[in-house]
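Below is one structure, written out as structure tokens; comments come after it.
The values are calculated or read from the model by the stated rules, or taken from the named source; none is laboratory data. Only a predicted model underlies this, so the values are computations on that prediction, with no experimental measurement involved. Cβ: placed from backbone, ideal geometry, glycine included. Neighbour counts: every protein chain shown. Protein only, heavy atoms only, side chains kept; ligands, DNA and RNA dropped before computing areas. Shrake-Rupley method; radii C 1.70, N 1.55, O 1.52, S 1.80 Å.
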Amino acid sequence: MPRTGRRPGPTTSRDAILEAARRQFAEAGYELTSIRSIAADAEVDAALVVHFFGSKDKLFRAAVTWPFDPAELVPNILDPGPAGLGERLARMFFTFWDDPVTSRQLLALLRSAMTNENFARLLREFVVTQLFQHVMEVVEGPDRELRAELAAAHLLGIAILRLVLRVEPLASASIDQLVVRVGPTLDSYLLAG
């Protein structure tokens, strides 16, 4: 049975709740995660979770903040020019999805987007507005928005198969193996005029 009230010692309850929430949202998604289960995992009372965050929705948003700022990464992807764009984009994408810290947040959002329209909108906003908006700066020719979204779909599809469904050998492939195979395909979407 979870403890009631504050945790003893320095106030670390909020951090413990956020860590438990990230873990549970990543493992089960939004719909199957409850405030009570998060509280039990964090070894606090459910009322304390509500005190800090107000609702499950607000807790999810606090726990699943974007683990990186695309605007900071864009120069590394775009500045070298169009040659190798797909490989640079794939490497950045797979590196964040494979990182133990950022992957938990990304997986929580991905799983939750599959069952909750609000989080699907949040994921769409991130992929289309935050990340691929910058990539669109170098995409030219007809159907440029469609081609950028195809590149995004390709990467997200790999993330689902690799990290959610754990399909082998994709799940255990190295980032280098993925980049070599996926980079040219992304280029065919993004750079074909």
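Of the helices (runs of 4 or more DSSP H) lying entirely inside region 74-193, the ones with 2 or more residues being more than 21 Å from residue 24 (Cα to Cα) and within 16 Å of the chain's Cα centre (by Cα) are found at 85-98, 144-159.
Residue pairs whose Cβ atoms lie under 8 Å apart, sitting 6 or more positions apart in sequence or on different chains, and linking a residue in region 1-22 that is of a type outside the set (Gly, Ala, Ser) to a partner that is open to solvent by 100 Å² or more (accessible area, probe 1.4 Å) and at pLDDT 90 or above, are 2/43; 3/43; 7/43. Among the residues of region 85-111, just one is polar (S, T, N, Q) and crowded, with 20+ Cβ neighbours inside 10 Å, namely 105.
On the stretch given as region 22-67, residues that are outside any loop (DSSP other than H, G, I, E, B) and either touching a Pro at 6+ places or on another chain (Cβ under 7 Å) or at pLDDT 90 or above (or both) total 16. Within region 129-173, the set of residues being loosely packed, with under 11 Cβ neighbours inside 10 Å, farther than 16 Å from residue 192 by Cβ and in contact (Cβ under 8 Å) with a residue 12 or more places away in the chain comprises 137 only.
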